[in-house]
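Laboratory data are not the source of any read-out in this text; all were calculated from the coordinates shown. Worth saying up front: this structure is predicted, and the values here are computed from it rather than measured. Glycine also receives a Cβ, built like all others from the backbone with ideal geometry; neighbour counts cover every protein chain displayed.
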């Protein structure tokens, strides 16, 4: 399928083209036509993102599970000096493209109603954001990857800063500078790799091709520094304890759809980076630092779970729970075995769906009452039974109840970690209990109990629009929980090859 | 005559300057705009003369050198100056300062830069530098009734004279210890010595210090914020662009030509200059409220980045510097064309807060400024990032890893103040409604913003420019 068609570029750049189209339309329109365009902007955005979703589904269907090779590869001259425009997917990245394409239309649907000002610009920002996010997962060139990886900051900065809550400017700055500081160190490491490749392959052949770089043997001493530089970037993006503090601020201030994208996709960039760069390129350093990562993960899981329990703001609670769940991901990745890696990828996809859904769920009642204080609510099951049921499912998925997607990822990462160090798995399991504590606490305080706040009288249950948003998320949560092979079959070959490569390098070095 | 043909571009500039002086003197009110447009044409001719007519070689016993390097640098300088002259029109008209001398000073300044870039011995180098410097002093004080502008002009002159003194002193030391003025022979003398004599090293350091004044590299940057703020805005735009490149080109010539063997010595100097410029530029800008002062510190920092590339040495260092400076010049033209659009009925504005809420009243201009700021901050997806990539990459090759790390960290600090401008534009409430911008400002700022999108420009602009830059860098070795 798609022979000779640059399908990845098409998927990546359709949203950007739509954004340009929207901006041009609003520039060319007469003043009276402007409101018309403003009103129709969400429709254009929705159609575009649905088209992207359709194409991504076709992409996954056309994807060959059996091979670990990069597929749908495109290559064009770009900047010269071995830096090329190189796109392609393997089993690890293809699902993240689908996840992005899946979440973005839902964000558009939800924002079409909740955003009150400057609809057109909002849609433009989201479309550009989608282009950049898909681009990160398609890029097979280090420079191209970095361009997309950093580019994501720009629309997100604007989305938080313009459409955010009370302290939006502070949060936007913190988000931007925190992540930028992390990534310039990665940039330094990339520059080093570029020159190192020139030394190994001959000065004229210096390359930034990720696949080529992964094949190179890098001296163990250099690996340590490079690994740390990449770690600085990915750990912030992830975010890992103790560099997670930007996340709660950003989440609380961002608009609902912004939070969904932040939790659903942006946090995955860090984990994806670890899998794509740190592990295959610096296996010795990865092995060396694995215990360090384990301890950070365990501290992160337990500490942020406890912090989450004490939150009074619903979004902040979910934000901290995200940090805890990302702890499972890093733990799984650095277990450096099949179960751990598969579990980490599964956990990332599942968390993308579940945490996204939770943020949508918070958005639902926030739009009705304009507060996220947990204490404000209580007993709303009386008026919103359907909402209570949906929220229940996602809470359970967040806790990791068997039968939901949350369970699969957590159990796999723990199995992976157990093979390396049982104590780590024990700590993570303890974290799972804590996650039940805070998640059920949230659920009980908001949904159950007597209605003590008069303002809650007569709250409306889910509207049609909200059902449209929630339904696919509910379906995906359950389907992935019951039939996880949907994901693991696609990733298996690539993960296998990745680990084989790492083990070969470790044995050789 | 044959030798003179190498100087076609310069001759065109000199002749048109002299002739336009007459046109301006006797042409009355209409003469001003005739002088302006003919000057722009002359500058464009100068820019392309190198590639089309000049050819390559040496004139006047090596005093004047034309090679791929000087062609490329002169093209950039000529185009930047032409763009500057074009976007100056509206400002001078609105301030009732529209006089023909401005265009002619610009021509003489560019003529001086042409000589600087092609300098082949110490004398022609000094003549070129003084020619451009004297024109620039007058341009800084062009608004002679304004206290700020006169102060700027005087400050620039005094400090500029001091730097010329240091330069001359260094040149006399080099001459005294080598016995020759010619770059080529200085190089020969140095390579014949086992240990370079201390006099030459001292001379080299003095010369670099004098040139560091011209590119406003710290610790010789003190004049920059005041002059940038005081000078008329279009003149500031000119200062930030072409003269910087000319002086950098001269440094490049010195360190690749006569002092190529003395890498140990100049590398240390350049590293110190680079580190101080980057750090002072980044921290100094944090508290600025005037956008011209902000850009002054930003240009200090940017010179630091360019020096990182030069400090690496070798053809890759030179080409890194040229890539970086090309991107920088495009952004500078755009940003000043955008600043000049900050004008209400009452007059021109310069405060960063005056941009507040611009995104609500003027979306295109806000998008342009946002693009330019992100590019200057070196955020990927804009050319500014690639400029930095090619500027910093060679330093790795020379083992200057920590220098690159400092450069990257200071660019994070830099991102903070560029972001502040973006924040004011997008997140704050509206302060002013600007008057409709004249066409040339809108055109220049949007073209420059568009050029900073590498994805769009890739096949048409990027690839051929890269080829020119590679040729330019290789011609020095």
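Residue B:288 passes all but one of (1) crowded, with 22+ Cβ neighbours inside 10 Å; (2) more than 26 Å from residue B:171 (Cβ to Cβ); which number fails?
Among (1) crowded, with 22+ Cβ neighbours inside 10 Å; (2) more than 26 Å from residue B:171 (Cβ to Cβ), the lone unmet condition for residue B:288 is (1).
Within the range A:156-177, how many residues turn out to be without any contact (Cβ under 8 Å) to a residue 60 or more places away in the chain and either over 12 Å from residue A:254 (Cβ atoms) or within 7 Å of chain B (Cβ to nearest Cβ) (or both)?
Of the residues in the range A:156-177, 7 are without any contact (Cβ under 8 Å) to a residue 60 or more places away in the chain and either over 12 Å from residue A:254 (Cβ atoms) or within 7 Å of chain B (Cβ to nearest Cβ) (or both).
Just to be sure before I move on: is residue B:441 crowded, with 17+ Cβ neighbours inside 10 Å, more than 10 Å from chain A (Cβ to nearest Cβ) and within 23 Å of the chain's Cα centre (by Cα) in the structure I sent?
Yes, satisfied.
If you check residue A:340 against the conditions, is it in contact with a helix residue (DSSP H, G or I) (Cβ under 7 Å, 6 or more places away or on another chain) and buried (at least 21 other Cβ atoms within 10 Å of the Cβ)?
Taking the combined requirement at face value, the residue satisfies it.
Where in the range B:325-407 are there helices (runs of 4 or more DSSP H), lying fully within it, with 3 or more residues that are touching a helix residue (DSSP H, G or I) at 6+ places or on another chain (Cβ under 7 Å) and over 26 Å from residue A:155 (Cα atoms)?
Passing ranges, in order: B:383-397.
If residue B:431 meets every condition in (1) more than 10 Å from chain A (Cβ to nearest Cβ); (2) more than 25 Å from the chain's Cα centre (by Cα); (3) in a helix (DSSP H, G or I) apart from one, which number is that one?
(3)
Restricting the range A:69-84 to residues that are in contact with a helix residue (DSSP H, G or I) (Cβ under 7 Å, 6 or more places away or on another chain) and buried (at least 20 other Cβ atoms within 10 Å of the Cβ), which is farthest from the other protein chains (Cβ to nearest Cβ)?
A:72
Could you check, for the range A:224-235, whether at least one of its residues is more than 26 Å from the chain's Cα centre (by Cα) and either away from chain B (no Cβ under 11 Å) or closer than 22 Å to residue A:147 by Cβ (or both)?
Scanning the range A:224-235 turns up at least one residue that is more than 26 Å from the chain's Cα centre (by Cα) and either away from chain B (no Cβ under 11 Å) or closer than 22 Å to residue A:147 by Cβ (or both).
Which one is farthest from residue A:121 (Cα to Cα), of the residues in the range A:190-207 that are more than 10 Å from chain B (Cβ to nearest Cβ) and surrounded by 19 or more Cβ atoms within 10 Å (Cβ to Cβ)?
For the range A:190-207, the residue satisfying everything is A:197.
Scan the range B:366-411 for residues that are closer than 15 Å to residue B:286 by Cα and more than 23 Å from the chain's Cα centre (by Cα) and report the count.
Selection size over the range B:366-411: 1.
Consider residue A:28 carefully, then state whether it is without any contact (Cβ under 8 Å) to a residue 60 or more places away in the chain and under 20 Å from the mean Cα position of the chain (by Cα).
No; evaluated as a whole, the condition is false for this residue.
Could you pull out every one of the helices (runs of 4 or more DSSP H) wholly within the range B:99-213 that has 3 or more residues that are over 26 Å from residue B:70 (Cβ atoms)?
Answer list for the range B:99-213: B:147-178.
May I ask you to verify whether residue A:108 is within 11 Å of chain B (Cβ to nearest Cβ), farther than 28 Å from residue A:280 by Cα and surrounded by 22 or more Cβ atoms within 10 Å (Cβ to Cβ)?
Taking the combined requirement at face value, the residue does not satisfy it.
Among the residues of the range A:119-155, write down those that are facing chain B (nearest Cβ under 10 Å) and over 30 Å from residue A:86 (Cβ atoms).
Of everything in the range A:119-155, those that are facing chain B (nearest Cβ under 10 Å) and over 30 Å from residue A:86 (Cβ atoms) turn out to be A:120, A:121.
Filter the range A:148-168 down to the residues that are over 17 Å from the mean Cα position of the chain (by Cα), farther than 13 Å from residue A:246 by Cα and in a helix (DSSP H, G or I) and list them by number.
A:158, A:161, A:162, A:163
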